[in-house]
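One structure below.
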Amino acid sequence: MAIKKVWIEPGCISCGECEEICPEVFVITDECHIQADVNVSQYTEGIEEAADACPVEVIKFEKE
């Protein structure tokens, strides 16, 4: 199943792990953001990997 929605909950420590794993979706500035206008369903595997690697477990997603 593809991911239809991804978000970052409060508590991100901006470690950069998600951006390293899936830069097509995640970008770190002062904090972590989701890239604008990205079709997250194309990056399901990367998003799941980034969520698993997040040390503070704030990357959340919803599947179709």
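The values are calculated or read from the model by the stated rules, or taken from the named source; none is laboratory data. None of these values were measured; they are calculated from a predicted model. When we count neighbours, we look across all protein chains shown, and the Cβ atoms used for this are built from the backbone with ideal geometry, even at glycine. SASA here: full protein model, heavy atoms, side chains in, ligands and nucleic acids out. Shrake-Rupley method; radii C 1.70, N 1.55, O 1.52, S 1.80 Å.
Taking the stretch 1-15 as the range and being aliphatic (A, V, I, L, M) and open to solvent by less than 80 Å² (accessible area, probe 1.4 Å) as the test, the residues that pass are Ala2, Ile3, Val6, Ile8.
Restricting Glu9, Glu57, Glu17, Glu24 to those that are acidic (Asp, Glu) and at positive phi reduces the list to Glu57. Going through the stretch 42-64 one residue at a time, which ones are of a type in the set (D, E, K, R) and touching a strand residue (DSSP E or B) at 6+ places or on another chain (Cβ under 8 Å)? Those that are of a type in the set (D, E, K, R) and touching a strand residue (DSSP E or B) at 6+ places or on another chain (Cβ under 8 Å): Glu48, Lys60, Glu62, Lys63, Glu64. Residues in the stretch 1-15 that are assigned to a loop (DSSP other than H, G, I, E, B) and not hydrophobic (A, V, I, L, M, F, W, C): Glu9, Pro10, Gly11, Ser14. Which one is surrounded by the most Cβ atoms within 10 Å (Cβ to Cβ) among residues in the stretch 16-41 that are part of a helix (DSSP H, G or I) and touching a residue at least 12 places away in the same chain (Cβ under 8 Å)? The selected residue is Cys18.
Within the stretch 42-60, restricting attention to residues that are out of contact with any Cys (no Cβ under 8 Å at 6 or more places or on another chain) and open to solvent by 70 Å² or more (accessible area, probe 1.4 Å), the residue that is farthest from Ser14 (Cα to Cα) is Gln42.
Flag not set for Lys63, criterion: open to solvent by 50 Å² or more (accessible area, probe 1.4 Å) and either hydrophobic (A, V, I, L, M, F, W, C) or touching a Phe, Trp or Tyr at 6+ places or on another chain (Cβ under 8 Å) (or both).
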